[in-house]
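Okay, so here's the structure we're looking at.
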Amino acid sequence: MIGYVTIGVSDMEKAKTFYTELLSGMGAKLLVDMGRIAFIGESMKGPSLAVCTPFDGEPNHPGNGNMLAFWPGSKEAVDTYYQKAIELGATCDGEPGQRIEDQFYGAYVKDQDGNKMAFYHFG
């Protein structure tokens, strides 16, 4: 259903490095690089993440309430991806932990541009 999600960034090289390294364990790689926009994912036939500098030339602004969510497959993987994001320069926006009783386990970070993301596992 989702083709790709785009987030605005201030430094393309830094963003490409951050997201390709962070998501490589899920099979992601740099798929297409067109200068001001790049697509990261497993293949162009599946969902991908696009990072770009804004078309209007104005500074990027992370949205309030917008968030990328990644499902790495287990609670242990949530912890691993959270830690990897921190090591790559993200900031904590909610340490890994059980939320919503036994139904949802999650961790939250913000990338260098303030874009929020979650790593989660249901169950």
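Taken one residue at a time, the phi angles of region 111-123 give Karplus couplings (6.51, -1.76, 1.60, θ = phi - 60°) of 6, 5, 9, x, 6, 8, 9, 10, 10, 9, 8, 8, x Hz. Gly and Pro are set to x. Report, to the nearest 10°, how far helix 12-23 tilts away from the longest principal axis of the Cα atoms in the chain, using its own Cα long axis and a range of 0 to 90°. Helix 12-23 sits roughly 30 degrees off the main axis of the chain. List nothing, just return the count: lysine pairs in the chain, 8 or more apart or interchain, with Cα separation under 24 Å. Total qualifying Lys-Lys pairs in the chain comes to 19.
Our coupling estimate for region 81-97, obtained by passing each phi through the Karplus curve with A = 6.51, B = -1.76, C = 1.60 and θ = phi - 60°, is 5, 4, 5, 4, 4, 4, 4, 7, x, 6, 10, 5, 10, x, 4, x, x Hz, Gly and Pro reported as x.
Annotation: amide H-H contacts under 5 Å for Glu42 (H modelled 1.01 Å from N, sequence separation of 5 or more, or interchain): Lys29.
Summarised in one figure, the compactness ratio Rg/Rh of region 62-123, Cα atoms and Kirkwood Rh, is 0.96. Remark: spin-label model distance Glu76-Cys92 equals 2.3 nm, labels positioned 7 Å along the Cα→Cβ axis. Here is the size of the chain from its Cα atoms: Rg then Dmax, 14.2, 45 Å.
Between exposed trypsin sites (Lys or Arg not before Pro) in the chain, where DSSP calls loop and at most 14 other Cβ atoms lie within 10 Å, what's the longest gap? With a cap of 14 other Cβ atoms within 10 Å, the longest stretch comes to 46-123.
Bear in mind that the values in this text are calculations on the coordinates, not laboratory data. Not measured: the values here are computed from a predicted model. Here Cβ is always computed from backbone atoms with ideal geometry, including for glycine, and neighbour counts include all displayed protein chains.
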